[in-house]
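Report on the structure given below.
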Amino acid sequence: QVQLVESGGGLVQAGGSLRLSCVLSGRFFRINAMNWYRQTPGKQRELVASITSGGTTNYADSVKGRFTISRENAKNMVDLQMNSLKNEDTAVYYCNAELYPLCSAGTTRTYWGQGTPVTVSS
């Protein structure tokens, strides 16, 4: 089965940095995109950053210029470098993958990691 495991979350002071990593394992045909989401209590899960199989990136306006998403294709890994962290960045961060399964006829399926908490002190 497909599994995504996040790591790197923790407690950091405002203005500091963290690097989140997500490792994708299991059997699939192709990665269409990998994404990072975050969620706080009482709010909808929001897309933070995404990267396509071709390397195109997209960021939420709130993190643009501070966060960088990158792929390590040989390891099926996606990282999120978070700099200049703010209190508003406090959330549980989730790795997400849009994959073409082995049985796919051109339709992607979405998989989620378990989440890693990030707390920015204020």
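For the reader, a short list of remarks on this structure follows.
- Selection of first residues in segment 96-117 that are in a strand (DSSP E or B) and of second residues that are modelled with pLDDT under 95 and among the aromatic types (Phe, Trp, Tyr), restricted to Cβ pairs under 9 Å at least 6 apart or on distinct chains, gives the following pairs, ordered by first then second residue: Ala97/Phe28; Leu99/Phe28; Leu99/Phe29; Tyr100/Phe28; Tyr100/Phe29; Arg109/Phe28; Arg109/Tyr100; Tyr111/Phe28.
Listed here are the residues, each with its yes/no results for (1) closer than 19 Å to Val118 by Cα; (2) in a strand (DSSP E or B).
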residue: Leu20; (1), (2): yes, yes
residue: Val23; (1), (2): yes, yes
residue: Phe28; (1), (2): no, no
residue: Ala33; (1), (2): no, yes
residue: Arg71; (1), (2): no, yes
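- Number of residues in segment 25-61 that are buried (at least 19 other Cβ atoms within 10 Å of the Cβ) and more than 11 Å from the chain's Cα centre (by Cα) equals 2.
- Where Glu6 falls short, out of the listed (1) out of contact with any Gly (no Cβ under 9 Å at 6 or more places or on another chain); (2) open to solvent by less than 60 Å² (accessible area, probe 1.4 Å); (3) at pLDDT 95 or above; (4) not in a loop (DSSP other than H, G, I, E, B): (1)
- Residues that are modelled with pLDDT of 95 or more and over 10 Å from the mean Cα position of the chain (by Cα), drawn from segment 62-80: Ser62, Val63, Lys64, Gly65, Arg66, Phe67, Thr68
- Meets criteria (assigned to a strand (DSSP E or B), without any contact (Cβ under 8 Å) to a residue 40 or more places away in the chain and within 16 Å of Ser7 (Cβ to Cβ)) for Ile51: no
- Looking across segment 67-85, the residues that are out of contact with any Lys or Arg (no Cβ under 8 Å at 6 or more places or on another chain) and open to solvent by 20 Å² or more (accessible area, probe 1.4 Å) come down to Thr68, Ser70, Arg71, Glu72, Asn73, Ala74, Lys75, Asn76.
The values are calculated or read from the model by the stated rules, or taken from the named source; none is laboratory data. Nothing here was measured: the structure is a model prediction, and the numbers come from that model. Methodologically, a virtual Cβ is constructed for each residue, glycine included, from the backbone with ideal geometry; neighbour enumeration extends over all protein chains shown. Surface areas here come from the heavy atoms of the whole protein model, side chains and all, with no ligands, DNA or RNA. Shrake-Rupley method; radii C 1.70, N 1.55, O 1.52, S 1.80 Å.
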